[in-house]
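Notes to accompany the following structure.
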Amino acid sequence: MAPTTAPPPADTADDDGRYLALRARDARFDGQFFTGVTSTGIYCRPVCAVRTPRRENCRFFALAAQAESAGFRPCLRCRPEVAPQALAWSVQDASGILVRQAVRLLDSAQVWEPPEGLGAARLAQRLGVSDRHLRRIFEAALGVSPLQYLQTRRLLMAKQLLTDTAMPVTQVALASGFGSVRRFNAAFAGHYGLNPTQLRRTGTTAGGGTGGSLRLAYRPPFDVAALLAFFAQRQFEGVEWALPDEATLRRTVRLRTGAGEITGWLGARFDTARHQVWLETSASLYPALPQVIARVRAMLDLDADPAAINAVLHGAFPAGDGLRVPGAFDGFELAVRAVLGQQITVAAARTLGQRLVGHFGDPIATPWPELHRLFPAPAVLARSEGEALGQLGIVRQRQAAIVALARAVDSGQLALHPGADVAATTAALCQLPGIGDWTAQYIALRALRWPDAFPAGDVALHKALGVQGQKHPARAATEVADAWRPWRGYAVLRAWAAGCIHISEASLSKA
């Protein structure tokens, strides 16, 4: 099907620069734009290995949804669905903030559940605006409607599952947010000109065995060793297993879905030569693979844009260009880790966490003997007694914080994931016993993925920035960091590293 819709007006100078990136197959621009080729009707990533098309045949789009709205089909070779997402951050423009929040919600696989998923009216309601206003702002900013954007995200996810796994088509349809196979087949044929079975035959070989094998791309530079060393220093035996020398991270997982709770395991291996991660999962996670992929991308910070971040931070931290902010697969687990680590060393916090897992965690079978335990569920810790936690060496204040966290998460009053409202969530965290601003900011940085999170009261940060001797070091640190917005969270990580200070939960304290 040839493109039938004219693309939105483009900046010729910017497009000339994109064409140079396309010719160079520059992975730094992967996911930043897509190229529609008018002679073929196909759109590609800038890293696509096919012969570079002629400049006059190229149309450039910021989003895959824009390319599909203009009538282009995704390339079966470079596979746009595996590209890192382009995350835009704004701290001033109200319309930009609204669009960003809408996009983050639409990108969250948690809202794709059939039969209706997250429609325009429900999306607008969650954002506190009318659906008409949301459509107007969304289309003005991105050139597509919210439903067109969501449809593209679902179809590209389905395309990835069809290509990389052996999941039955029915399961792919449901996991991708379609209410029925009929609706899924109709959408697939309408957008891509072939049915799902045909795509599976023409695409790369589906992953075999008992687990999925999926590709997840990222943009260089990426200091993989530093990221995995961070996880290795904090891993709980049985739950997480980082292998920095093998560029691999494995762990057990627990997920809440609309159908209930599922458990399983995953392994993520970095392929630094190709700027991608190979993700292997247990078959038990198949029904929630879109959620798993989104959480792994957040945990490993695969969607970071080093060019944008380094443009602000390189001058102050020239050695930190490849550093990423370590995320978390589960926000509740991260929050408990943060509480356990308040005012003690990393090793001591790890010991307490190990005891907590051993006492309250459930056993699980995995292919690796090193992984055999699940982190305790919120419902379990919500019912825990202070005496039981005290026997593990957890002091009374942190006992109260853990139980309060568990009850808030288990009841649904508190959501600790990248789609959550940052201001409301951090305020709610600070209302819980034993949790102050530092802990809330730390959770916002790692669990909510807020890149401008800033733990102003951190003593280690004061030392790294050289303001520890001032009368009001937190105020001084905030003033220094003002120039680093909206990437203060990445600046904190680089400041710690530059100051030769361990990035640790040990510095967490109730401010």
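Dividing the convex hull volume of the alpha-carbon atoms in the chain by its residue count gives 145 Å³ per residue.
Taking Lys and Arg as +1 and Asp and Glu as -1, the other residues whose beta-carbon sits under 9 Å from that of L155 total +1.
Ranking T272, A225, G41 by how far each Cα lies toward the positive end of the dipole of the chain (charges on Cβ) leaves G41 at the top.
Using the Karplus relation 6.51 cos²θ - 1.76 cosθ + 1.60 with θ = phi - 60°, the per-residue 3J(HN,Hα) values for the range 129-141 come to 10, 7, 5, 5, 5, 4, 4, 5, 5, 4, 5, 5, 7 Hz, with x marking Gly and Pro.
Would you give the gap between the C-alpha center of the range 215-272 and the C-alpha center of the range 356-392, rounded to a whole Å? Here the two parts' Cα centres lie 19 Å apart.
Shape analysis of the range 422-491 places it in the oblate category; the axes a ≥ b ≥ c from the Cα gyration tensor give an a/c of at least 1.5, with a/b not above b/c. About its Cα centre, the range 125-176 has a charge dipole of approximately 160 debye under the convention of +1 per Lys or Arg Cβ and -1 per Asp or Glu Cβ, with nothing else charged.
Overall dimensions of the range 343-495, expressed as equivalent-ellipsoid semi-axes from the Cα gyration tensor (√(5λ), whole Å, largest first), are 31, 18, 17.
Simple rule: put +1 on each Lys or Arg Cβ and -1 on each Asp or Glu Cβ in the range 330-411, find the dipole, and look at F360, V336, V409; the Cα lying farthest toward the positive end is V336. Our Cα-only numbers for the range 269-365 put the radius of gyration and Dmax at 17.2, 48 Å. What you get for the chain, charging only the Cβ of Lys and Arg (+1) and of Asp and Glu (-1), is a dipole of about 680 debye around the Cα centre. Can you compute the charge dipole magnitude of the range 319-470 about its Cα centre, using +1 on each Lys and Arg Cβ and -1 on each Asp and Glu Cβ, nothing else charged? Give it in debye, rounded to the nearest 20. So the magnitude is around 260 debye. Lys/Arg Cβ at +1, Asp/Glu Cβ at -1, dipole of the chain taken about the Cα centre: which of A65, Q397, L493 is farthest positive-ward? So the residue we want is A65.
Here, each number is a calculation from the coordinates, and none is a lab measurement. The model shown is predicted, which means the values in this text are computed figures rather than measured ones. All Cβ positions, even for glycine, are placed from backbone atoms using ideal geometry, and neighbour counts span all protein chains on display.
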